[in-house]
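Notes to accompany the following structure.
Any read-out appearing in this document is the output of simple, stated calculations on the displayed coordinates, not a laboratory observation. The shown structure was predicted, so the numbers you read here are calculated from the model rather than taken from an experiment. Glycine gets a Cβ as well: all are built from the backbone with ideal geometry, and neighbour counts include every protein chain shown.
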Amino acid sequence: MNNKIQQMLRTFSILLAIVIVLTTGCQQQRDHSKELKPILDKGVEIWNTGNFEEVDKVWDSGVVRSANELPEVKGIDGIKKVITSFRTAFPDLKLAIDEEIYAENKITIRWTVTGTNTGPGEMPPTGNKVNFWGISVLHLANGKLTKEFVAFDNRALMEQLGYTMAPPLKEAN
């Protein structure tokens, strides 16, 4: 009888271990896109239209944006200036999301921008069409973007605008 009780306890222990593994190890991952995709979509809409009516629903007032070697942009007013600057230089600007990855309070996107440089900007307009891609890592808190890290091929953009790179001038000895 003692042997039978030990065997039942062993069997019960094994079954309990299997149930614990199955219930904790096989849980479905939470789909973060359901809560984060609407924020991303609204941000893309703002980039594509330049309509800032709902900008404070997307970006946190303390947002910080870092892009390539450009100066860091801070706050909603800074975000508005960046978007306005691009949309002024490229009035037909179109931002398209090519790939998106969602995690808890993070979105990573690969995007493409197209447009025609017909408006005034930091440099005179060239009239050239551009098509360049980049990657952004977005951090969120309380349903708003708080940090954005952007990397894009600035050289390809400049070449499409018609600029060329020249080697540095050598100083005469």
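For the chain, the longest principal axis of the alpha carbon atoms and the long axis of helix 75-89 meet at an angle near 50°. Evaluated on the chain, the Kirkwood hydrodynamic radius is 19.6 Å, with distances taken between all distinct Cα atoms.
The helix-based estimate of mean residue ellipticity at 222 nm for the chain, built from -39,500 (n - 2.57) per DSSP H run of four or more residues and divided by its residue count, is -12000 deg cm²/dmol to the nearest 500. Note on L70 and I14: the model spin-label points, each 7 Å out from Cα along the C-beta direction, lie 6.3 nm apart. Computed from the Cβ-Cβ distance with R0 of 22 Å, the FRET efficiency linking E53 to N142 stands at 0.65.
With the cut-off at under 19 Å, measuring from each backbone N in the stretch 106-133 to a point 7 Å along the Cα-to-Cβ line of K37 picks out 106-112.
In sequence order, the stretch 103-111 has phi-based couplings of 9, 4, 6, 8, 9, 10, 10, 10, 10 Hz under the Karplus curve 6.51 cos²θ - 1.76 cosθ + 1.60, θ = phi - 60°, and Gly or Pro positions carry x.
Exposed loop sites were defined as GluC sites (Glu not before Pro) in DSSP loop states (anything but H, G, I, E or B) carrying at most 12 other C-beta atoms within 10 Å; in the chain the longest segment without such a site runs 1-52. Pairs of lysines 8 or more apart, or on different chains, with alpha carbons under 15 Å: count those in the chain, would you? Taking the chain as the scope, the lysine pair count is 19.
So how strong a dipole does the chain carry about its Cα centre when Lys and Arg Cβ are +1 and Asp and Glu Cβ are -1, to the nearest 20 debye?
On the way: 20 positive and 21 negative charges, 138 e Å.
That gives the chain a dipole magnitude of about 660 debye.
The separation of the stretch 131-173 from the stretch 29-48, counted between C-alpha centres, amounts to 23 Å.
Can you tell me the length gained on complete extension of the stretch A166 to T84, counting 0.36 nm per residue apart and subtracting the Cα distance?
Working: separation 82, 0.36 × 82 = 29.52 nm, distance 3.02 nm.
Using 0.36 nm per residue and subtracting the Cα-Cα distance, I get 26.5 nm.
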